[in-house]
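Asker: To start, I am sharing the structure in question, which I have written as structure tokens.
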Amino acid sequence: MGNPYDPYNQQPGYGQQQPGYGQQPPAQPGYGQPPAQQPGYGQQPPAHPGYGQPPAQPGYGQQPPAQPGYGQPPAQPGYGQQPPAQPGYGQQPAPAGQPGYQEVHHHHYGSTGQLAEWGSRAGATIIDGLIVGVPAGVLYFIATLLMSGGGGAAVLGLLFLLVALVLYVGGFLWLIYQEGTTGQTIGKRQMGIRVVSAQTGQVLGFGGAFVRRLAHFADSFACYVGFFWPLFDERKQTFADKICNTLVVRA
């Protein structure tokens, strides 16, 4: 016969106390029992964290917190705000915390931006050669005539030869000084051209002009081909210009 206090035939375990007469047995969960009491209208159910449960939803009128996720677009600037500058095509983005910059290369081709033609350069060289070479050449010719006569004339001839040498070397150094400080010799000034550094666009200084003048020996090799190289070169440079990284431009 079944126990009237145990309609579902749930007997207490071994060693457990039986309910007394007139006492109700403890409520046992079982099939058909109603669920636990639900919260009243307007009340929030207690939060039960568990695996797979969604996070709490914000109340009406509240903004949900921003959740980072894969594939989300970046935040858009507010009304009236300028968007951040994007790097141009092929440019590398600036490192964090450092301002971006764009490297610009300037070609210093003088005030007019035009390279001098070969004819202007040749004309300037001829003018400078005549200014320095003609007086020295005349003195040298006189010296040779005097030295061929012998005696006292030969001594005078040696004096003329020394003066011709000093005049030539002095004129040579004076042209270098003019070219280094102003970019122009007398011949270049007459032809409207000047020598500048290809890197800075400035004059060379006496030392730079002196080295460039010595580098012209490289133009003299192989039948003076270096002096004609500006006819074929994109930057119209002789071998000396390439060695010293200089340009001859329109003044």
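Asker: What is the sum of charges around Gly205, taking Lys and Arg as +1, Asp and Glu as -1, for the other residues whose C-beta is under 11 Å from the C-beta of Gly205?
Answerer: Value of the local net charge: 0.
Asker: Computed over the Cα atoms, what is the radius of gyration of region 129-251 divided by 2.2 N^0.38 Å, N being its residue count?
Answerer: Region 129-251 yields a ratio of 1.31.
Asker: Considering only the other residues whose Cβ falls under 11 Å of the Cβ of Ser120, what net charge follows from Lys and Arg at +1 and Asp and Glu at -1?
Answerer: Computed value for this residue: +4.
Asker: If you take the charge dipole of region 118-250 about its Cα centre, with +1 on Lys and Arg Cβ and -1 on Asp and Glu Cβ, which of Val166, Val211, Thr181 is farthest toward its positive end?
Answerer: Result: Thr181.
Bear in mind these aren't lab numbers, they're just calculated from the coordinates by the rules spelled out. Quick caveat: nothing in here was measured; it's all calculated off a predicted structure. Cβ sites come from the backbone with ideal geometry, for glycine too, and all protein chains shown count toward neighbours.
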